[in-house]
Every structure is written in structure tokens, then in C-alpha cells.
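Before any comments, here is the structure.
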Amino acid sequence: MGKTAPFLLRFVKSNKITLKDIHIREAAAWACHFFQSYDILVDNISIYNHANKNNDGIDLDSSHDVVIKNCNINSGDDAICIKSTSPLATHDVQVSNCTLKSDWGEP
């Protein structure tokens, strides 16, 4: 099995999370990973993530009650990835007033 690059910010089974007014650059892998977490607010953050392959901006994984607003995310892979890698579904996600850019599908 190959090595896995670490996430920059990772929240596991957490709640009442607020990320606001911060700038994140060049994570080794995903910039922000929320796993089985809820009551999440991400407001006015900037992410520039192109250091390696698979550089996602925000990954919502088996999480719920999420608001992402006023963000600027420029990533090498997914800007915002909504998924479930556990039996718990990701749901109740609101994204508004964001500028999202991904190089994944670009020539």
C-alpha cells in the first residue's frame, strides 16, 4: 500500500465547527475534511490547493447540517466534494456565494 498524504484540517465526529476568515494554501492532500461531523459553518475562507495530485478544497464526508458561504476555492481536484464513505449519509448542505475552480476536468 502506498503512502497517503495528510489532510491539513480534519474534523472527525465533531460538531459546532466554525471556520471563518482564514486563508489555506498548499495542503499535502485535502485542505479541509469533515468526517461524521455536523453543525458546520465555513464562511469567508480562501483555499488555494495545488501542491500535489488529489488536492481537494473541502470534503464533506458522512456529515450533515453544513453551510458553506462567501468562499473562494481554487483546487487541483474537487473544490467541494460531497460524499459518504461510511453508512451515514451526507445531507442538509447549503453552498452559497462561492467562487469554485477545479483543474481536474480542464485540459
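What to note about this one:
- Qualifying position, being farther than 15 Å from His64 by Cα and either in a strand (DSSP E or B) or within 13 Å of the chain's Cα centre (by Cα) (or both), among Ile17, Ile40, Ile47: Ile47
- In a residue-by-residue description of segment 55-70, the property of being buried (at least 19 other Cβ atoms within 10 Å of the Cβ), farther than 21 Å from Asp103 by Cα, touching a residue at least 12 places away in the same chain (Cβ under 8 Å) and hydroxyl-bearing (Ser, Thr, Tyr) applies to at least one position.
- Members of segment 27-37 that are under 11 Å from Leu9 (Cβ atoms) and not in a loop (DSSP other than H, G, I, E, B): Cys32, His33, Phe34
- Meeting the requirement of 1 or more residues that are modelled with pLDDT under 95, the strands (runs of 3 or more DSSP E) wholly within segment 62-107 are 99-102.
The values are calculated or read from the model by the stated rules, or taken from the named source; none is laboratory data. Every value quoted in this text rests on a predicted model; they were computed, and no experiment measured them. Note that each Cβ is placed from the backbone with ideal geometry, even for glycine, and that neighbours are counted across all protein chains shown.
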